[in-house]
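Q: Pasting a structure below so you can have a look.
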Number of protein chains: 2
Amino acid sequence: MLGIIRVLTTDDENILQEHSRVMKREFNIESISRCIPDQWNGIHSEATQRLAEPKIEALVKSMVENDGVTAVTISCAADPAVESSRKLVNVPVYGAGEVGAHAALMISRKVGVLGITPDVPPNIAKILGDHLLDYTWPEGVSTTVDLLEEDAKKRAIDACQNLVNKGATSILFACTGFSTIGLKMELAKHIHVPIIDLVEAQGIAYSLTRK
Amino acid sequence: MLGIIRVLTTDDENILQEHSRVMKREFNIESISRCIPDQWNGIHSEATQRLAEPKIEALVKSMVENDGVTAVTISCAADPAVESSRKLVNVPVYGAGEVGAHAALMISRKVGVLGITPDVPPNIAKILGDHLLDYTWPEGVSTTVDLLEEDAKKRAIDACQNLVNKGATSILFACTGFSTIGLKMELAKHIHVPIIDLVEAQGIAYSLTRK
């Protein structure tokens, strides 16, 4: 059983369980999703990341102790508290940003990254190194909640088209909110390079561990 | 359709098609396997790698032009001619060593690598960086053909057990010959850390591209 940590507070069960649904549908992975408290706009700055880290660590410990999960994935591109959580529990801990960046490097040497903030998540930039072609974000978006606006998908697709025009041979999503809105399926109709969705990348990581 | 390049010359159709069978069984991937000529012991030194490279490049071009494959994977841990082949064709070219190393980094920070030569393949070492815990190879083995000996599997399992005893949190195979002999399935009965098989890693890479 995989524990999925959402770094966005929500009382909408449909949004909370979205990543678990993808895991089941795409990889036949059983999982439990839980979210951190009191961060209704998720992580979108250094300050909100620092605020979230102790909450994430507590949730990692609790999911291992109380839910009995055999691995935990922190479903956020910024990889908050991934390193520190590894020291707290004796099961594997994945970070969405890390596994996504490594998945992109399996298939591409010119990775175009789509996020929600003005800066590429540092851990993704570090792993991609010279293979980070460019980074961008959809116009008018600054938190994961903004992605739920009606035309956010169209603006995200336009941003990805720009990355492809610049020579990207893959698109890496650097926010799991793109998974929540199902961007990949729509984007694949418009661009023809591989697209790395972070929930799918976390599913691949868990599948590699499970076998 | 995926083109698989085997860097071991063989006239045994069963051995030649082994990686294609795994691709079909594990990932439902259609593929064609072809091998380079006149290297019955595969690649097991710098000299044999240099000898193989122009043959691999020719085979990459031929499989794209004549077989119509939409991606090519060079099924050898040393990643021979991967970079140079990318310049010759306009389809993705994967290297088994590269994709395997990135797959290992998705799930582990202490990777134990099992190869067949006294030195870890340089491209794998470069990608793993500080996360390469240790490298070893089965006693008495020096080419991929030696893996076909009766007790080679037992010696490979002993070598992996040593890596786990040293603290490895994953095992990465650094020879596709281990796939040919089906080592992973047997090894998984003896050790309890994730095992990255290079044919499976290549399957994941192609699956990421195909979607």
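The values are calculated or read from the model by the stated rules, or taken from the named source; none is laboratory data. Predicted, not measured: the structure shown is a model, and the values here were computed from it. Here the Cβ is made from the backbone with ideal geometry for all residues, glycine too, and neighbour counts use every protein chain on show. Calculation scope for accessible area: heavy atoms of the full protein, side chains included, ligands and nucleic acids excluded. Shrake-Rupley method; radii C 1.70, N 1.55, O 1.52, S 1.80 Å.
Q: What tally of residues in the stretch A:150-198 results from selecting those that are assigned to a helix (DSSP H, G or I) and closer than 24 Å to residue A:10 by Cβ?
A: Looking only at the stretch A:150-198, we keep the residues that are assigned to a helix (DSSP H, G or I), and these are A:152-165, A:177-180, A:183-187, A:198.
Add one more test, that the residue is closer than 24 Å to residue A:10 by Cβ, and what stays is A:152-156, A:177-180, A:183-187, A:198.
Qualifying residue count for the region: 15.
Q: Can you name the residue in the stretch B:124-149 that is in a loop (DSSP other than H, G, I, E, B) and in contact with a Ser or Thr (Cβ under 8 Å, 6 or more places away or on another chain) and is also surrounded by the fewest Cβ atoms within 10 Å (Cβ to Cβ) among such residues?
A: Taking the candidates together, the pick is B:142.
Q: Just need a number here: residues in the stretch A:7-33 that are open to solvent by 30 Å² or more (accessible area, probe 1.4 Å) and free of Cβ contacts under 8 Å to residues at least 40 places away in the same chain.
A: 11
Q: Follow-up question, since we're still on this one. Taking the stated definitions as given, is residue B:121 over 18 Å from residue B:195 (Cβ atoms), out of contact with any Leu (no Cβ under 7 Å at 6 or more places or on another chain) and touching a residue at least 40 places away in the same chain (Cβ under 8 Å)?
A: no
Q: Counting only residues that are among the β-branched types (Val, Ile, Thr) and at pLDDT 95 or above, which one in the stretch B:143-192 is farthest from residue B:122 (Cα to Cα)? Please lay out each step first, then the result.
A: At the first step, the residues of the stretch B:143-192 found to be among the β-branched types (Val, Ile, Thr) are B:143-145, B:157, B:164, B:169, B:171, B:176, B:180-181, B:191.
If we keep only those that are at pLDDT 95 or above as well, we get B:157, B:164, B:169, B:171, B:191.
Working: B:157: 23, B:164: 22, B:169: 21, B:171: 17, B:191: 26 Å.
Among those residues, the one meeting the criterion is B:191.
Q: It is to be established whether one or more residues within the stretch B:73-95 are more than 14 Å from every other protein chain (Cβ to nearest Cβ), of a type in the set (Ser, Thr, Tyr) and in contact (Cβ under 8 Å) with a residue 60 or more places away in the chain.
A: yes
Q: Just one of (1) out of contact with any strand residue (DSSP E or B) (no Cβ under 6 Å at 6 or more places or on another chain); (2) hydrophobic (A, V, I, L, M, F, W, C); (3) touching a residue at least 12 places away in the same chain (Cβ under 8 Å); (4) surrounded by 15 or more Cβ atoms within 10 Å (Cβ to Cβ) trips up residue A:40, so point out which.
A: Looking at each condition in turn, residue A:40 falls short on (4).
Q: I need a count of the residues in the stretch B:1-20 that are at pLDDT 95 or above, under 15 Å from the mean Cα position of the chain (by Cα) and over 17 Å from residue B:57 (Cβ atoms).
A: 1
Q: When the residues of the stretch A:96-117 are filtered to those that are facing chain B (nearest Cβ under 9 Å) and over 14 Å from the mean Cα position of the chain (by Cα), which remaining residue is most open to solvent (accessible area, probe 1.4 Å)?
A: A:109
Q: Applying the selection to the stretch B:172-211, what residues are within 14 Å of another protein chain (Cβ to nearest Cβ), in contact (Cβ under 8 Å) with a residue 60 or more places away in the chain and among the aliphatic types (A, V, I, L, M)?
A: If the condition is that a residue be within 14 Å of another protein chain (Cβ to nearest Cβ), in contact (Cβ under 8 Å) with a residue 60 or more places away in the chain and among the aliphatic types (A, V, I, L, M), then B:172, B:193, B:196, B:198, B:199, B:201, B:204, B:205 are the ones that fit.
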